[in-house]
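One structure below.
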Amino acid sequence: NKMPYSFDIYCSTNDSNDKDRITKEFEKIKNVKKVIVKYTKNIGRDYAPMVCEFGKNLKKYDYVCHIHTKKSLRTGASQDGWRLHLLDGVLGKTDLIKNIFYMFENDNIGIYFPDSHISAPYWSNTWMGARSLGVKYLSILGIPFEDKYQDFSVGSMFWINVKAMHQIFNRTWKYEEFGKEKG
């Protein structure tokens, strides 16, 4: 409800029983024009549904905000504090959202994301166990791999300027490219 502009929602769920309930709730949000909810496979965490199900639609927009439930149960407990920190960092205030749009239009940035949460230490900005995946996906996109500290959206909630992400949205992705979800 802090969004000062009209917008569309694309939502994935891996529970087909939730589809109608989710749609009805999202339709109550101020300034929402269109709500699209799709049942998706539980593969590729929050990224596969974004690019496999909605990529062709999302590439038609100027800016996209990517959010998700951020359960991260593999850490041993639901990450409520981290989720709220990330949500506040992308959608918490109307002035913040206006400032993000201003930066996209005037400062030539491609992505905006909040600072890391206390539960995501500095070393989580390294490739850790995802190095081979980084090499694989960057190669697919024609981007050189750099094995160093990565200033990225730990927790994967962010705003993007779609033009800056053209390699991602102009490609047809398949769920099989993401591997099975293991927690």
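What is the calculated FRET efficiency for residue 19 to residue 135, with r their C-beta to C-beta distance and R₀ = 41 Å, to the nearest 0.05?
With a Förster radius of 41 Å, E is 0.70.
How large is the direction-averaged shadow of the alpha-carbon convex hull of the chain, in nm²?
That works out to 10.8 nm².
As I understand it, the dipole of the chain uses +1 on the Cβ of Lys and Arg and -1 on the Cβ of Asp and Glu, about the Cα centre. Which of 103, 23, 153 lies farthest toward its positive end?
Of the options given, the answer is 23.
Where does the range 77-175 land on Rg(C-alpha)/(2.2 N^0.38 Å)?
Ratio of Rg to 2.2 N^0.38 Å for the range 77-175: 1.20.
State which stretch of the chain is the longest one without any exposed GluC sites (Glu not before Pro), exposure meaning a DSSP loop state and at most 16 other Cβ atoms within 10 Å.
28-145
Of all beta bridges DSSP finds with both residues in the chain, what is the antiparallel percent, to the nearest 5?
Roughly 50 percent of the beta bridges in the chain run antiparallel, per DSSP.
What's the carbon and sulfur percent of the chain's accessible surface, probe 1.4 angstrom, rounded to a whole number?
About 52 percent, which is the carbon plus sulfur part of the accessible surface.
If Lys and Arg each add +1 and Asp and Glu each add -1, what is the summed charge of the other residues whose beta carbon sits under 12 Å from the beta carbon of residue 50?
+2
Under a point-charge model restricted to the Cβ atoms of Lys and Arg (+1) and Asp and Glu (-1), what is the dipole moment magnitude of the chain relative to its Cα centre, in debye to the nearest 20?
Approximately 500 debye in magnitude.
Could I get the Rg over Rh figure for the range 1-64? Both from C-alpha atoms, Rh via Kirkwood, rounded to two places.
Reported Rg/Rh, Kirkwood definition of Rh: 0.97.
Could you tell me which of 48, 126, 91 has its Cα farthest along the dipole of the chain towards the positive end, charges placed at Cβ (Lys, Arg +1; Asp, Glu -1), taken about the Cα centre?
48
Exposed loop sites here are chymotrypsin sites (Phe, Trp or Tyr not before Pro) in DSSP loop states with at most 16 other C-beta atoms within 10 Å. What is the longest stretch of the chain lacking them?
Within the chain, the longest run free of exposed chymotrypsin sites (Phe, Trp or Tyr not before Pro) spans 62-126.
The values are calculated or read from the model by the stated rules, or taken from the named source; none is laboratory data. This is a predicted model, so every value here is computed, not measured. As a convention, Cβ positions derive from the backbone with ideal geometry for all residues, glycine included, and neighbour counts pool all protein chains shown. Accessible surface is based on the protein model in full, side chains and every heavy atom, while ligands, DNA and RNA are left aside. Shrake-Rupley method; radii C 1.70, N 1.55, O 1.52, S 1.80 Å.
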